[in-house]
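Encoded as structure tokens, the structure appears first; notes follow it.
The values are calculated or read from the model by the stated rules, or taken from the named source; none is laboratory data. What you are looking at is a predicted structure, and each value in this text was computed from that prediction instead of being measured. Here Cβ is always computed from backbone atoms with ideal geometry, including for glycine, and neighbour counts include all displayed protein chains. Note: accessible area is taken over every heavy atom of the protein model, side chains too, but ligands, DNA and RNA are not part of it. Shrake-Rupley method; radii C 1.70, N 1.55, O 1.52, S 1.80 Å.
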Amino acid sequence: MESVRNKPTKGKVFFTTLGILSLIFLYLPIVVVALYSLNPDSVNSFPMRGISFKWFGVMIHDHMLMTSLWHSVLVAILATCCAIILGVPLAFVMYKKNFPGKAFLEKVVLLPLILPGILTGIAMLTFFQLMGIQQSMGAVIIGHTTFLIATVMPQVYTRLKTLDNAIQEAALDLGATPIKAFFYVILPNIKTSIFSAALLSFTLSMDEIPVTYFLNGTFSTLPITIWGMTHNGITPEVNAIATLILIVSLGLVYLSTKLKDAK
């Protein structure tokens, strides 16, 4: 009876195989890009004749790539800071106040993440034109901030809901003002979720294309530059910088996950 129970069914084998094939389909191209970044030849071919890091050196001396990388980092940092400044107070208000439409607002704030990026980009471009805002780095930062708030607010709000409300009440009873209670009691208890949200927001901003494409104007971020370079084929330095971004992104996502799970 026990052997029959433990015997794998056809359905279990099928779905296990399907899951493995899906993972291979998703991640094998990433592995190939990482391998080709170490290819000593300028033409992507397999098997490789050896391993070389020369394309990372070529990448570093590519002015266009480095400039666009700096633009991406700058936009990601500024947009993340704006999202934290706006998203944390919004999460705190959602946590403390009950008002009509609160449940609806909790869903609406996620729309920038749910909607297709191209739709968000077109909508923001149209709105900015009506407001007289030119396509520029500032417009891109505003555009990124809109969907990064949808990343920050839910994470911080979820953490706030796990807090014991008595700790803030105790601080108020001891004479602290609501502002002091927030900065000295609430903020230290949610700092890991804020930092986790900031890391994830930075990663999302670095990888963003549709909104940036519509709002960037005369400057270019790294994803836009790489997208333009691939029109004539993938060059080895593109593989190199893609591998570098992959490593950094995985590190940030891992750190974000660990911080989110921290007590």
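Between PHE104 and VAL13, the simple label model (points 7 Å from Cα in the Cβ direction) yields a spacing of 5.4 nm. In terms of packing, defined here as the mean over residues of other Cβ atoms within 10 angstrom, the peptides 13-24, 148-159, 132-143, 55-66 line up highest first as 148-159, 132-143, 55-66, 13-24.
Geometric descriptor of the range 93-248, per residue, is 151 Å³ (volume of the convex hull of the Cα atoms). Remark: the chain carries 60 Å² of accessible area per residue (probe radius 1.4 Å; ligands, DNA and RNA excluded). Adding -39500 (n - 2.57) for every DSSP H run of four residues or longer, then dividing by how many residues the chain holds, sets the calculated 222 nm ellipticity at -24000 deg cm²/dmol. Scaling the Cα radius of gyration of the range 16-164 by the globular reference 2.2 N^0.38 Å produces a ratio of 1.48.
Compute for the chain: radius of gyration divided by Kirkwood radius, i.e. Rg/Rh, restricted to C-alpha atoms, rounded to two decimals.
Radius of gyration relative to Kirkwood radius: 1.07.
Surface composition of the chain: carbon plus sulfur atoms hold 73% of the accessible area, using a 1.4 angstrom probe and ignoring ligands, DNA and RNA.
Could you calculate, for the range 152-230, the ratio of the Cα radius of gyration to the Kirkwood radius, expressed as Rg to Rh? Please report the intermediate quantities before stating the final value.
Details: Rg = 19.6 Å, Rh = 15.5 Å.
A ratio of 1.27.
Among 86-94, 115-123, the peptide with the highest mean count of other Cβ atoms within 10 Å heads the list, and the full ranking is 86-94, 115-123. Near ALA91, once Lys and Arg are set to +1 and Asp and Glu to -1 for all other residues with Cβ below 11 Å from its Cβ, the sum equals +2.
How much net charge surrounds ALA76 when only other residues with a Cβ under 10 Å from its Cβ are counted (Lys, Arg +1; Asp, Glu -1)?
-2
On the basis of the beta-carbon distance and an R0 of 35 Å, ILE122 and LYS96 show a calculated FRET efficiency of 0.45. Normalised by the number of residues in the range 22-127, the mean separation of alpha-carbon contacts (under 8 Å, six or more apart) gives a relative contact order of 11 percent. The relative contact order of the chain, computed from alpha carbon pairs under 8 Å that lie at least 6 residues apart in sequence, is 30 percent.
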